[in-house]
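Q: Could you have a look at this structure, given as structure tokens, before my questions?
The values are calculated or read from the model by the stated rules, or taken from the named source; none is laboratory data. Treat the numbers as computed from the prediction; the structure is a model and nothing was measured. Quick reminder, even Gly has a Cβ in these numbers, built from the backbone with ideal geometry, and neighbours come from all protein chains shown. Calculation scope for accessible area: heavy atoms of the full protein, side chains included, ligands and nucleic acids excluded. Shrake-Rupley method; radii C 1.70, N 1.55, O 1.52, S 1.80 Å.
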Amino acid sequence: MSEKKKNLDKRASYIKGLSDNIVGSAVDIVKVKPTTQQIDELTKEVTERLQYESSSLLNESVTKLHPDSLSEMLPEEKVERNFERFGKNFRYQHMLMFVSIIILIITGMPLKFPEFDLSKFIVIDLLGGLSNSTFIHRIGAVGLIIVGIWHVIYTIGSKVGRRDFFLMVPNLKDAADFMGTMRYYIGKSKHGPKFDRFSFIEKFDYWAVYWGMVIMIGSGAIMWYKELFPKYFYDIGREMHSDEGLLATLSIVIWHFYNVHFNPEVFPMSWTWWHGQLTESEMKHHHPLEYEAIIKKESQEIIEQSDSKKAGDK
Amino acid sequence: MRQLCIIITSIFVILLFSNSDIQALEKCQICHSKKEIHKAEETGRKIPLFIDESIIARSVHNDKDCTDCHADINEIPHTIVKKVNCRRCHYSGNPVGAPDGQMYDQYEHSVHGLAVIAGNKDAPVCQDCHGDHDVYSHKTIESKFYWQNIPKTCGTCHIEIYAIYRESTHGRAVADGIKDAPTCTDCHGEHNIKRHDNDESRVSSFRISETCTECHGTQGVVNKYNIKTDRAATFEHSFHGVGKQMGSKTVANCASCHDYHDIRGEDDPKSSVHPDNIPKTCGKEGCHPGASAEFSSGQQIHINPKSEESGIIYYISKGFLVLTVLVLIGLFAFIIMDLVRRAKNARAKR
């Protein structure tokens with residue numbers, strides 16, 4: 001704490017010296033009774049200098065110091081900055097997907113467990129019979145297929161999609177992060193591993209959905225057009241559809257709901273699916289490597305901008 | 001003294017033989033024992049009125065008097081006799097010990113009873129199935145209700161169905177004396193026979209699988225004959241079975257594929273489930289009219305994913321079971337560890 005204070009004091013005296021310097025030169029200029037134009041020029045120069053000095057200060061802090069100490073140095077009442085985690089396109093994909101999946105689960109599960117009264121209630125009383133429930137199931141299926149195609153196009157066609165797809169590819173760091181998380185859970189280390197944009201947990205989620213989509217859409221399509229195939233295709237498809245349907249439902253209800261609903265940190269729900277934003281502290285906590293990269297990039301940009309501006313002025 | 005004895009014996013004998021039953025039978029037999037006796041209808045048709053006494057003697061009603069049933073006759077010669085009402089004796093709580101039960105109620109709500117009530121003269125009443133004078137115990141071979149005679153009895157009216165049934169697996173088994181094989185009443189019921197489109201009917205699309213299951217289920221008798229007993233369970237598991245449980249009447253039931261009266265084993269070329277005929281059976285109008293030949297031929301129809309006989313389905317099912325269990329264990333372990341860690345952190349902060 002005292003070190004932090006010392007640091008801050010150092011900074012403060014530095015900035016004070018800087019401003020004294022500026023004021024001194026300003027007084028020199030004022031002495032020669034400037035015109036309005038000269039005052040304007042002076043104002044511009046002072047602003048630019050301040051900008052440059054503060055950005056280099058920021059740059060210095062980020063590159064030389066630990067990012068945590070940067071935030072500690074900043075005033076605490078500062079309004080938290082938001083970071084966009086999911087773009088609009090991606091959020092719409094997710095919305096269509098969960099609407100489709102809810103429809104599919106409601107109309108699909110009763111057919112896996114027909115002996116339960118609740119199943120009969122849903123299909124017979126709520127939906128008005130098997131032909132209705134299978135029709136609604138197919139509406140959900142079309143929704144899911146659209147999401148699948150949409151996502152593939154998004155992955156190939158959009159810059160963010162391509163970037164995110166490559167970031168999703170599992171690598172050795174994920175294995176290390178998994179071990180690190182385990183060590184953290186059993187108390188062998190004080191902090192969990194630092195995650196980049198996608199943690200191994202999120203990668204698992206993503207690829208689980210990928211696998212589920214392939215199985216469910218593939219087997220569902222075979223069942224939809226069963227007459228075109230030998231019957232054992234249908235039998236295999238039905239078995240897979242039924243088993244993977246249960247696995248996917250359980251994974252969503254247990255795992256995904258824990259992460260975005262029932263987890264004490266976000267209960268009752270994380271709203272990121274709606275606004276796509278993460279707060280700065282959430283970013284720092286859950287995706288520190290991505291956060292550091294963003295800050296580094298931004299400060300670099302600021303420096304480059306002011307550098308080029310300076311070069312232009314000269 | 002000897003004369004006295006003879007007189008007393010004679011009186012006793014006369015008294016014995018003057019028992020009204022015998023007397024009445026004898027009186028009726030004055031006319032009805034003549035083989036040529038008949039009623040001539042205006043159309044010229046002759047209706048024989050000869051009653052073979054030995055038939056009555058062998059029937060379950062051998063201790064009954066003619067007028068016990070033909071109660072409307074009180075003089076000889078008599079004119080037209082009314083149809084006998086069996087309910088005279090067969091009502092619940094009757095004093096003569098005649099069997100009774102739900103059969104009248106059931107009959108009145110059955111397809112036959114409703115037709116009779118609606119005024120259909122051809123619809124069967126008690127006598128048409130049970131016989132009139134020849135009501136034998138169902139254990140005697142000449143009874144209309146001796147198990148092997150039931151198809152023939154029903155076939156009196158339902159002659160076309162009888163002709164089909166006789167050739168079916170069930171019909172042939174009954175003819176061969178296999179007592180476990182079903183006759184008409186085993187599937188359709190007896191007094192409570194309902195139309196097949198009535199949900200209450202034992203052969204309705206809704207209930208027929210239960211009816212077949214009575215024999216073809218795990219508790220059924222077919223095990224004795226090396227016939228698979230998992231057919232009902234595998235049907236319930238199939239999409240057709242699920243649809244049935246969800247109240248759909250359009251999904252296939254046992255009879256949709258196996259036919260109803262013309263049920264035959266799958267090796268019988270005439271069978272609807274013979275490999276050569278399956279495409280036609282599956283491709284029925286209203287079922288899978290677009291079915292390819294591959295869709296339906298040469299494969300298992302009744303699939304039991306828990307049985308190794310199902311081949312790849314069994315392994316897929318097992319594989320997914322293992323995968324699901326592992327994933328769930330992993331996820332739950334992770335969640336619990338996460339919660340424990342959070343709780344510890346929270347305590348440490350405080």
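Q: Filter segment B:64-99 down to the residues that are of a type in the set (Asp, Glu), open to solvent by less than 90 Å² (accessible area, probe 1.4 Å) and either more than 22 Å from residue B:128 (Cβ to Cβ) or touching a residue at least 12 places away in the same chain (Cβ under 8 Å) (or both) and list them by number.
A: Going through segment B:64-99, the residues of a type in the set (Asp, Glu) turn out to be B:65, B:68, B:72, B:75.
If we keep only those that are open to solvent by less than 90 Å² (accessible area, probe 1.4 Å) too, we end up with B:65, B:68, B:72.
Of everything in segment B:64-99, those that are of a type in the set (Asp, Glu), open to solvent by less than 90 Å² (accessible area, probe 1.4 Å) and either more than 22 Å from residue B:128 (Cβ to Cβ) or touching a residue at least 12 places away in the same chain (Cβ under 8 Å) (or both) turn out to be B:65, B:68.
Matching residues to (1) under 30 Å from residue A:191 (Cβ atoms); (2) free of Cβ contacts under 8 Å to residues at least 60 places away in the same chain; (3) crowded, with 17+ Cβ neighbours inside 10 Å:
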site	(1), (2), (3)
A:213	no, no, yes
A:225	no, yes, no
A:228	no, yes, no
A:250	no, yes, no
A:255	yes, yes, yes
A:284	yes, no, yes
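Q: Hey, another quick one. Among residues belonging to segment B:159-177 that are in contact (Cβ under 8 Å) with a residue 24 or more places away in the chain and part of a loop (DSSP other than H, G, I, E, B), point out the one that is surrounded by the fewest Cβ atoms within 10 Å (Cβ to Cβ).
A: Top of the filtered list is B:177.
Q: Moving on. Go through the residues of segment B:179-187 one by one and say whether even a single one is within 14 Å of another protein chain (Cβ to nearest Cβ) and open to solvent by 30 Å² or more (accessible area, probe 1.4 Å). Spell out the reasoning first.
A: First, the residues of segment B:179-187 that are within 14 Å of another protein chain (Cβ to nearest Cβ): none.
No, the conditions are met nowhere in segment B:179-187.
Q: Out of the helices (runs of 4 or more DSSP H) lying entirely within segment B:37-123, which hold 2 or more residues that are under 22 Å from residue B:194 (Cα atoms), of a type outside the set (Val, Ile, Thr) and modelled with pLDDT under 80?
A: Helices (runs of 4 or more DSSP H) meeting the threshold: none at all.
Q: Pairs please, first residue from segment A:97-118 and outside the structural domain of residue A:238 (by TED's automatic domain parsing), second anywhere and in a loop (DSSP other than H, G, I, E, B) and surrounded by fewer than 15 Cβ atoms within 10 Å (Cβ to Cβ), Cβ atoms under 7 Å, 6+ apart in sequence or on different chains.
A: Close Cβ pairs satisfying both conditions: none exist.
Q: Residue B:259 - would you say it is at positive phi and charged (D, E, K, R)?
A: Numbers: at positive phi: yes; charged (D, E, K, R): yes.
In short, yes.
Q: Mind listing whichever residues of segment B:248-268 are at the interface with chain A (Cβ under 9 Å from one of its Cβ atoms) and open to solvent by 40 Å² or more (accessible area, probe 1.4 Å)?
A: Step one: list which residues in segment B:248-268 are at the interface with chain A (Cβ under 9 Å from one of its Cβ atoms), which gives B:248, B:250-251.
Passing the criteria: only B:250.
Q: Go through (1) out of contact with any helix residue (DSSP H, G or I) (no Cβ under 7 Å at 6 or more places or on another chain); (2) at pLDDT 85 or above; (3) open to solvent by 70 Å² or more (accessible area, probe 1.4 Å) for residue B:271 and report which single condition fails.
A: Against the list (1) out of contact with any helix residue (DSSP H, G or I) (no Cβ under 7 Å at 6 or more places or on another chain); (2) at pLDDT 85 or above; (3) open to solvent by 70 Å² or more (accessible area, probe 1.4 Å), residue B:271 comes up short only on (3).
Q: I would also like to ask the following. Here is a list: B:295, B:235, B:239. Which entry is of a type in the set (Phe, Trp, Tyr) and at pLDDT below 90? Give the steps one after another, and end with the answer.
A: Details: B:235 fails: at pLDDT below 90; B:239 fails: at pLDDT below 90.
Testing whether each residue is of a type in the set (Phe, Trp, Tyr) and at pLDDT below 90 leaves just B:295.
Q: Just wondering, is there one or more residues in segment A:140-156 that are under 26 Å from residue B:251 (Cα atoms) and open to solvent by 60 Å² or more (accessible area, probe 1.4 Å)? Steps first, please.
A: Residues of segment A:140-156 that are under 26 Å from residue B:251 (Cα atoms), as a first pass: A:140-142.
From what's left, open to solvent by 60 Å² or more (accessible area, probe 1.4 Å): A:142.
Yes, segment A:140-156 contains at least one residue that is under 26 Å from residue B:251 (Cα atoms) and open to solvent by 60 Å² or more (accessible area, probe 1.4 Å).
Q: Tell me which residues, restricted to segment A:268-310, are more than 18 Å from the chain's Cα centre (by Cα) and closer than 23 Å to residue B:345 by Cα.
A: Of everything in segment A:268-310, just one residue is more than 18 Å from the chain's Cα centre (by Cα) and closer than 23 Å to residue B:345 by Cα, namely A:268.
Q: Kindly indicate the residue of segment A:257-282 that is assigned to a loop (DSSP other than H, G, I, E, B) and within 18 Å of residue B:335 (Cα to Cα) and also most open to solvent (accessible area, probe 1.4 Å) among those meeting that condition. Give the steps one after another, and end with the answer.
A: Our first condition is that a residue be assigned to a loop (DSSP other than H, G, I, E, B); within segment A:257-282, this holds for A:263-271, A:276.
Remaining after also requiring within 18 Å of residue B:335 (Cα to Cα): A:263-270.
Details: A:263: 12, A:264: 79, A:265: 86, A:266: 35, A:267: 130, A:268: 88, A:269: 52, A:270: 30 Å².
Once the filter is applied, the top-ranked residue is A:267.
Q: Report, by residue number, each residue of segment B:130-158 that is open to solvent by less than 50 Å² (accessible area, probe 1.4 Å), in contact with a helix residue (DSSP H, G or I) (Cβ under 7 Å, 6 or more places away or on another chain) and at pLDDT 90 or above.
A: B:150, B:151, B:153, B:154, B:155, listed by residue number.
Q: Would you check if there is a residue in segment A:170-190 being among the aromatic types (Phe, Trp, Tyr), outside any helix (DSSP H, G or I) and open to solvent by less than 40 Å² (accessible area, probe 1.4 Å)? Spell out the reasoning first.
A: Restricting attention to segment A:170-190, the residues satisfying the condition of being among the aromatic types (Phe, Trp, Tyr) are A:178, A:184-185.
Right, trim to outside any helix (DSSP H, G or I) and you get none.
Checked against the condition, which is being among the aromatic types (Phe, Trp, Tyr), outside any helix (DSSP H, G or I) and open to solvent by less than 40 Å² (accessible area, probe 1.4 Å), segment A:170-190 yields no hits at all.
Q: Also, quick follow-up: Do you know which residues across segment B:100-118 are in contact (Cβ under 8 Å) with a residue 40 or more places away in the chain and of a type in the set (Val, Ile, Thr)?
A: Residue satisfying the conditions is B:111 alone.
Q: Still on this structure, please answer the following. Can you tell me which of A:242, A:251, A:219 is at pLDDT 95 or above and facing chain B (nearest Cβ under 9 Å)? Give the derivation first.
A: Values: A:251 fails: at pLDDT 95 or above; A:219 fails: facing chain B (nearest Cβ under 9 Å).
Checking each option against the conditions leaves just A:242.
Q: Select, from B:349, B:306, B:318, the only residue that is modelled with pLDDT of 95 or more and more than 9 Å from chain A (Cβ to nearest Cβ). It would help to see each step written out before you state the result.
A: Details: B:349 fails: modelled with pLDDT of 95 or more; B:306 fails: modelled with pLDDT of 95 or more.
It is B:318.
Q: Determine, yes or no, whether residue A:193 is open to solvent by 40 Å² or more (accessible area, probe 1.4 Å), more than 21 Å from residue A:144 (Cβ to Cβ) and modelled with pLDDT under 95. Break it down stepwise before answering.
A: Values: open to solvent by 40 Å² or more (accessible area, probe 1.4 Å): no; more than 21 Å from residue A:144 (Cβ to Cβ): yes; modelled with pLDDT under 95: yes.
So residue A:193 does not fit the description; no.
Q: Restricted to segment B:203-228, and to residues that are buried (at least 17 other Cβ atoms within 10 Å of the Cβ), free of Cβ contacts under 8 Å to residues at least 40 places away in the same chain and under 24 Å from residue B:247 (Cα atoms), which residue is nearest to the chain's Cα centre (by Cα)?
A: Once the filter is applied, the top-ranked residue is B:211.
Q: Any idea which residue in segment B:307-321 is farthest from residue A:238 (Cα to Cα), counting only those that are surrounded by 16 or more Cβ atoms within 10 Å (Cβ to Cβ) and of a type outside the set (Ser, Thr, Tyr)?
A: Residues of segment B:307-321 that are surrounded by 16 or more Cβ atoms within 10 Å (Cβ to Cβ), as a first pass: B:310, B:313-314, B:316-317, B:320.
In the following step, the residues that additionally are of a type outside the set (Ser, Thr, Tyr) were identified as B:313, B:316, B:320.
On the way: B:313: 9, B:316: 10, B:320: 13 Å.
Looking at the filtered set, the residue picked out is B:320.
Q: Is it the case that some residue within segment B:272-292 is within 17 Å of residue B:233 (Cα to Cα) and more than 8 Å from chain A (Cβ to nearest Cβ)? Spell out the reasoning first.
A: Filtering segment B:272-292 down to residues within 17 Å of residue B:233 (Cα to Cα) leaves none.
No.
Q: Does residue B:278 meet the test of being at pLDDT below 90, crowded, with 17+ Cβ neighbours inside 10 Å and within 28 Å of the chain's Cα centre (by Cα)? Don't jump to the end; show me each part of the working.
A: Working: at pLDDT below 90: yes; crowded, with 17+ Cβ neighbours inside 10 Å: yes; within 28 Å of the chain's Cα centre (by Cα): yes.
Yes: the conditions hold for residue B:278.
Q: Is there a residue in segment A:162-171 that is among the β-branched types (Val, Ile, Thr), within 14 Å of chain B (Cβ to nearest Cβ) and free of Cβ contacts under 8 Å to residues at least 60 places away in the same chain?
A: First pass over segment A:162-171, keeping only residues among the β-branched types (Val, Ile, Thr): A:169.
Still in the list and also within 14 Å of chain B (Cβ to nearest Cβ): none.
The answer is no, given that none of the residues of segment A:162-171 is among the β-branched types (Val, Ile, Thr), within 14 Å of chain B (Cβ to nearest Cβ) and free of Cβ contacts under 8 Å to residues at least 60 places away in the same chain.
Q: What do you reckon, is residue B:210 charged (D, E, K, R) and part of a helix (DSSP H, G or I)? Talk me through it step by step, then tell me what you get.
A: On the way: charged (D, E, K, R): yes; part of a helix (DSSP H, G or I): yes.
Here the answer is yes, as residue B:210 does meet what is asked.
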